[in-house]
Amino acid sequence: MARFIQFTLMRAVMSLFTLLTVSLIVFSLMELVPGNCAERYLAFKNTQGSQITIDDIKAEERRLGLDQPFLQRWTSWVGNVFFKGEFGDSCILRLDINQLLSDKFWISLGICLAALAVAYLIAIPVGIYSATTKSAVANNSLRFVSYLGLALPNFLLALIIMLISTVLFGDSLTGLFSAEYRDAPWSLDKFLDFLSRAWLPIFILGWSATAFALQTVRALMLDEVGKLYVTAASARGISGSKLLWRYPARHAMGPVINSLGFDLNRIFNELPVVALILTLTEAGALLIESLARSNDQQLAGAIIFLLTASIVLVNFVTDILLALMDPRIRKGMIGA
Amino acid sequence: MSLLNVNNLTLQFDTDEGRITAVDDVSFELNAGEVLGLVGESGSGKSVTAKSLMKLNPDNAVYGEGSQITLTLDNENIDVLSLKSGNELQVIRGGAVSMIFQEPMASFAPAISIGDQMVEQLTLHKGISKREAAEISIEMLDRVGISDAAKRFNQYAVELSGGMRQRAMIAMALSTRPSLLIADEPTTALDVTIQAQVIDLMKDLIKEFGMGIIFITHDLGVIAQTADRVAVMYLGKLVEQGTVRDVIKNPSHPYTRGLLNALPKLDNLDTPLMPIPGDIPSPLERPEGCVFHTRCSVAEPRCQQSVPSYSSFGDNHKAACFVTAEQQGNV
């Protein structure tokens, strides 16, 4: 047990170190974008009709601390992020990023995690069933549905559901909140209202993720059930669901758990398209907006950092889960 | 009454290419305390035969009409092939029958400790508490010569050496005190020195536990050391069986002779090895008549048309060959 706590702590330290490296990369990328915050803001002002001189830019750079060396700026950025949870001001909008993002990032992350959970809660039992069932009908229909999930683009699925819903119920199901809750503070009612709308993006994102995970689980299971240790276990009289769950299913779960972090990233990447169609306000769309349109490197950096931090966190959790499940990994990492 | 009676066992597999015959009309018996060696090349059907004793063959296996496998325990006859559900099968799976596999590494679940797997089996079959099961398991590990058994009990297959794993496998198989032990090439995957140790261990355990053993191997040398009787299989057919002494001294089927000639002779290293020419045919292209005629050095035209029946070559020594039967005057 002491070993395990030691292992968990070690992993946590390693995750922090990864985060630090990530922050360095993200910050460097922010710097690599041509022009800095001062120039960008003033150029933006320029379009509004102000006359800008080089001196104005220099003064603005000093005000923002952009004249300081790279390492010093990185350290203060990281320090603020790690210790205060503050990302500073947006370049263009001149607003506190924390305020700008407010709930958006957490809502996005929540939707992605929910889609991920839904996907795996369906994919694991169904994948195991489909790998072990002898029914050709069940197998073929599962395969059909899962290929449909892989092949049908998310935006099309979203449009189809919106169309059906509009025709049948007169509600296009867009947005994340009903009008009366949009600007209200969080409450139970608002949360329920949120859930009554959020199921659609969760479902759409979960749909293709499920299809993907289903294929993974099925392939891994097919691989495991054919192994000798399963035959050996049934030769010892172990049968039925006890055999299935304790032997092949358990051993197939390692790579499945491993793919969680990767899938979270994939879902987050798909979120903006779905969000665009369902007119959701979420962080993915904001990221694209800040990256592609307004060149707001501070805002983009903050979102990218939060996203990678979530993935690092998920990977930390899956590492612990893997170690709990598989002694080979546990012993490899802790030492026998 | 013998412990095990296999009568007219025929086993086919339904595959995409059609029905493949893996075992063809095989009959043999085994007494308690006796070791029967089942010999043959890969593809001869020996493992499939052994697996059918535990009904472990895959779902596409089709047993022939007259096939019968009877296991006699305390004067109670169990019709093995009629057992269906998981619970019914428990008596032949880990209860009265245990099996040791060729690959000791692959036969332990990698993520479950050796002790957990042993305890699981014991509590399932013996209805004892986990603590008692753990005690018996550690005792068994100790008995098969595993040092520091209590520590090994908590370890995983990856942490043990090859010979150690096979010992643990044997300990697990014997912990439920089965009446019949099936050992499917238990020493093939091991180093020669470890092989000898494991064979010695098995001989000791045979004496101590007194169960019947079916020892599957392609190595007649191993059979000569361990078995009382031997049955030689080729392409699903049992071509010869008898006591080890009779079969090795007076091999009466050309295939058996071929197997013996293919063994290197240590007393005269200049003797050329005499392998059996050709390869075992694919089960999809089973030869008509005697299945061995395509590789047989003494084959005659009639061997291609009709299947030879068994001729007796002594007490309980029989072989299925037209040619040797005539040579020795046993028609």
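Since every read-out is calculated from the coordinates, none of them should be taken as a lab result. Quick caveat, the model's predicted, so the values are computed rather than measured. We place every Cβ from the backbone using ideal geometry, glycine too, and count neighbours over all the protein chains shown.
Rounding to the nearest 10 and keeping the result within 0 to 90°, find how far the Cα-based axis of helix A:154-169 lies from the longest principal axis of chain A.
Roughly 90 degrees, rounded to the nearest 10.
So what's the angle, to the nearest 10 degrees on a 0 to 90 scale, between helix B:192-209 and the longest Cα principal axis of chain B?
80 degrees
Can you put B:Tyr234, A:Tyr41 in order of Cβ neighbours within 10 angstrom, beginning with the fewest? Walk me through the numbers before you get to the answer.
Working: B:Tyr234 28, A:Tyr41 22.
Listed from fewest to most nearby Cβ atoms, that is A:Tyr41, B:Tyr234.
Using modelled amide H (1.01 Å from N, peptide plane; none on Pro or chain starts), what sits under 5 Å from the amide H of B:Ala22, excluding residues fewer than 5 places away?
B:Leu11, B:Gln12, B:Phe13
Would you work out the Kirkwood radius for the range B:1-96? I mean one over the mean of 1/r across all pairs of different Cα atoms, in Å.
Values: mean 1/r = 0.0712 Å⁻¹.
Kirkwood hydrodynamic radius for the range B:1-96: 14.0 Å.
Tabulate in residue order the Karplus-calculated ³J(HN,Hα) for the range A:16-23, using 6.51 cos²θ - 1.76 cosθ + 1.60 with θ = phi - 60°, rounded to whole Hz; enter x for Gly and Pro.
Values, residue by residue: 4, 5, 4, 4, 4, 4, 4, 4 Hz.
Using Cα atoms only, what is the angle between the long axis of helix B:162-175 and the major principal axis of chain B, expressed in degrees (0 to 90) to the nearest 10?
Here the helix axis deviates by roughly 80 degrees.
With Rg and the Kirkwood Rh both taken from Cα atoms, where does Rg over Rh land for chain B? Could you put the intermediate results ahead of the total?
On the way: Rg = 20.6 Å, Rh = 20.9 Å.
My calculation of the ratio gives 0.98.
If amide H atoms are built 1.01 Å from N in the plane of the peptide, which residues on other chains or at least 5 residues away come under 5 Å of the amide H of B:Ala231?
Placed amide hydrogens put B:Gly37, B:Leu38, B:Val39 under 5 Å from B:Ala231.
What list of ³J(HN,Hα) couplings, whole Hz, do you get for the range B:178-189 from phi and the Karplus terms 6.51, -1.76, 1.60, once you set θ to phi - 60° and write x for glycine and proline?
Each residue's phi maps through the Karplus curve to give x, 7, 10, 10, 9, 10, 8, 6, x, 10, 5, 7 Hz.
For chain A, what number results from the quotient of the Cα radius of gyration and 2.2 N^0.38 Å?
Numbers: Rg = 24.4 Å, N = 336, 2.2 N^0.38 = 20.1 Å.
Working it through for chain A, the quotient is 1.22.
R0 = 30 Å: FRET efficiency of A:Ile54 with A:Leu32, Cβ-based, nearest 0.05?
Working: r = 23 Å, r/R0 = 0.75.
Using R0 = 30 Å, I get an efficiency of 0.85.
Mind jotting down the distance between the C-alpha centroids of the range A:263-332 and the range B:27-91, whole Å?
56 Å
Taking just the alpha carbons, could you work out the radius of gyration and Dmax for the range B:292-331, both in angstroms?
Rg then Dmax for the range B:292-331, in Å: 10.3, 30.
Run the numbers for B:Lys203 and B:Ala262: contour at 0.36 nm per residue of separation, minus the present Cα-Cα distance, in nm.
Working: separation 59, 0.36 × 59 = 21.24 nm, distance 2.55 nm.
Separation in residues times 0.36 nm, less the Cα-Cα distance, equals 18.7 nm.
For a label point 7 Å from the Cα of A:Ser196 along Cα→C-beta, name the residues of the range A:155-181 whose backbone N is under 17 Å from it.
A:165-166, A:169-181
Using a 10 Å cut-off around each Cβ of peptide A:235-248, what is the average number of partner chain Cβ atoms that fall inside? Don't jump to the answer; show the numbers that get you there.
Details: counts 18, 19, 17, 8, 8, 3, 1, 3, 1, 0, 0, 6, 4, 1.
Counting Cβ atoms of other protein chains within 10 Å of each residue's Cβ and averaging gives 6.
May I ask you to compute the full-extension gain from A:Arg328 to A:Arg143, defined as 0.36 nm times their residue separation minus their alpha-carbon distance, rounded to one decimal in nm? The partial results should precede the final answer.
Working: separation 185, 0.36 × 185 = 66.60 nm, distance 3.28 nm.
Between A:Arg328 and A:Arg143, full extension yields an extra 63.3 nm.
When Rg is the radius of gyration of the Cα atoms in the range B:108-177 and Rh is its Kirkwood radius, what does Rg/Rh come to? Please list the in-between numbers first.
Numbers: Rg = 10.7 Å, Rh = 11.6 Å.
Radius of gyration relative to Kirkwood radius: 0.92.
Taking 30 Å as R0, compute the FRET efficiency from the Cβ-Cβ separation of B:Ile248 and B:Asn77 and round it to 0.05. Don't jump to the answer; show the numbers that get you there.
Working: r = 33 Å, r/R0 = 1.11.
Working from the Cβ atoms, E equals 0.35.
Report, please, the projected area of the range A:68-127 averaged over directions, based on the convex hull of its C-alpha atoms, in nm².
On the way: hull surface 25.8 nm².
Hull-based average projected area comes out at 6.5 nm².
Just grab the label-to-label distance for A:Arg250 and B:Asn154, each label 7 Å out from Cα along the Cβ direction, in nm (one decimal).
It is 1.7 nm.
Counting pairwise Cα distances across the protein assembly as shown, what percent come out greater than 48 angstrom? Walk me through the numbers on the way to the answer.
Values: 87966 of 222111 pairs.
Result: 40 percent of Cα pairs exceed 48 Å.
Please compute, for the alpha-carbon atoms of the range B:252-292, the extent along each of the three principal axes and give them in descending order in Å.
Answer, in whole Å and largest first: 40, 20, 10 Å.
How big is the range B:168-313 by Rg and Dmax over its Cα atoms, in Å?
Expressed in Å, the Cα Rg and Dmax of the range B:168-313 come to 17.5, 52.
Bins of 5 Å, beginning at zero and ending with the bin holding the largest distance: percent of Cα pairs per bin for the range A:104-295, please.
So the P(r) values, bin by bin, are 1, 7, 14, 16, 15, 14, 10, 8, 6, 4, 3, 1, 0, 0.
May I ask you to sort B:Val192, A:Val274 by Cβ crowding, counting other Cβ atoms within 10 Å and putting the fewest first?
Ordered from fewest to most neighbouring Cβ atoms within 10 Å, B:Val192, A:Val274 come out as B:Val192, A:Val274.
Quick one: which residues, 5+ away or cross-chain, put their amide H under 5 Å from the amide H of B:Ile78? H built at 1.01 Å from N.
Close amide H contacts, sequence-distant or interchain: B:Leu71, B:Thr72, B:Leu73.
Per-residue ellipticity at 222 nm for the protein assembly as shown, helices alone: DSSP H runs ≥ 4 residues times -39500 (n - 2.57), over residue total, nearest 500 deg cm²/dmol?
-17000 deg cm²/dmol, from helical runs alone.
Output wanted: per-residue J couplings in Hz (rounded whole) for the range A:270-279, from phi through Karplus 6.51 cos²θ - 1.76 cosθ + 1.60, θ = phi - 60°, x for Gly and Pro.
Each residue of the range A:270-279 in turn: 7, 4, x, 5, 5, 5, 4, 6, 8, 6 Hz.
For chain A, list the cysteines whose Cβ sits under 4.7 Å from no other cysteine Cβ?
So, A:Cys112.
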